[in-house]
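Quick notes on the structure that follows.
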Amino acid sequence: MNPVLCPPILQVAIVYSKDETLAEIGKIQFWRHRIDVGHGIVTPGRNDTERDVAYLSLPEDMTGKRVLDIGCSDGYFSFLCEERGAEVVSVDHVPGLPGKPGQHGFRVAAKLRGSQARFHWLSVYDMNKIDGEFDIILFLNVLYHLKHPLLALENVYGKLVEGGEMYLKTFFYQDFRYGKYGFDIFRKSLCRFYEKNELNNDYSNWWAPNKRCLEAMIRCTGFRGVCFLARYSDRLYYKTRK
């Protein structure tokens, strides 16, 4: 699948001067997302968020929707949903994430953009600490970082309204022949466990299910209508609902 890459235009009300904006950006040593913060300045992130937007096909109009962005990182998707009319709650809590809670890139970007999205330094295992339910939950590049992925999926399911949608992107384990044939050659649900830093030299990576296993995990935690959206490199994209 080759999406048409149409970078969303993230509008920003300019409140700070150009020098003030650059100074704020410089407070963060590591940016994941490229975010427009005014004056034509974009944060120096490395993630290809525009490609993700194209693959995910998020609703263009989110007016009146509540969105929960789990693993929001610097907040690109939170701000995108907010711009499309949603009320957004954003959470992140990754051990080893650069920056202390008060120095997280999200807080700087939200300040510069004048965002109303509410950020919580919170684990996916503590979703009960967030009030209410959500129409849309974004669960992007989080699952393989978790020791307890099934518990996490159950917690995500519990925060959706009936009929609500989850958008998921994750790393997946593929048999070396997957790229040639397009399916897991063993035709079984398999999940690879990483004890240390075997995956990308990153100690926060724990599990990599194959495609069949990932879909089974989603179904077994209650989700319906598991819709495969795309595969790009070693990532899979899904939309599903409660």
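The values are calculated or read from the model by the stated rules, or taken from the named source; none is laboratory data. Just so it is clear, the model here is predicted, and its values are computed rather than measured. Ideal geometry is used to build each Cβ from the backbone, glycine not excepted, and the neighbour counts take in all protein chains shown.
Checking the stated criteria, Ser17 turns out not to satisfy the condition of being within 30 Å of Tyr203 (Cβ to Cβ), of a type in the set (Gly, Ala, Ser) and modelled with pLDDT of 90 or more. Put simply, of Gly132, Gly64, Gly96, Gly85 the only residue that is surrounded by 14 or more Cβ atoms within 10 Å (Cβ to Cβ), out of contact with any Leu (no Cβ under 7 Å at 6 or more places or on another chain) and either in a loop (DSSP other than H, G, I, E, B) or at pLDDT 95 or above (or both) is Gly85. Counting only residues that are part of a helix (DSSP H, G or I) and not charged (D, E, K, R), which one in region 110-129 is farthest from His93 (Cα to Cα)? Per the criteria, the residue is Leu112.
Determine whether Cys213 is surrounded by fewer than 18 Cβ atoms within 10 Å (Cβ to Cβ) and either under 18 Å from Phe139 (Cα atoms) or of a type in the set (Asp, Glu) (or both). No, not satisfied. Checking each residue in region 114-162 for being on the phi < 0 side of the Ramachandran plot and among the small types (Gly, Ala, Ser) picks out Ser115, Ala117, Ser123, Ala152, Gly158.
Among the residues of region 148-203, those identified as modelled with pLDDT of 70 or more and of a type in the set (Phe, Trp, Tyr) are Tyr157, Tyr167, Phe171, Phe172, Tyr173, Phe193, Tyr194, Tyr203.
Test Phe139 against the criterion of being part of a strand (DSSP E or B) and either in contact with a helix residue (DSSP H, G or I) (Cβ under 9 Å, 6 or more places away or on another chain) or within 21 Å of Tyr232 (Cβ to Cβ) (or both), and give yes or no. Taking the combined requirement at face value, the residue satisfies it. Condition first: closer than 18 Å to Ser90 by Cα, at pLDDT below 95, among the acidic types (Asp, Glu) and part of a loop (DSSP other than H, G, I, E, B). Can you find one or more residues in region 41-61 that meet it? No, there is no match, as no residue in region 41-61 is closer than 18 Å to Ser90 by Cα, at pLDDT below 95, among the acidic types (Asp, Glu) and part of a loop (DSSP other than H, G, I, E, B). Just to verify a result, which residue in region 36-54, among those that are surrounded by 16 or more Cβ atoms within 10 Å (Cβ to Cβ) and among the small types (Gly, Ala, Ser), is nearest to Phe106 (Cα to Cα)? The qualifying residue nearest to Phe106 (Cα to Cα) is Gly45. Report the residue count in region 101-146 for those that are among the polar types (S, T, N, Q) and over 10 Å from Ile70 (Cα atoms). The qualifying residues number 4.
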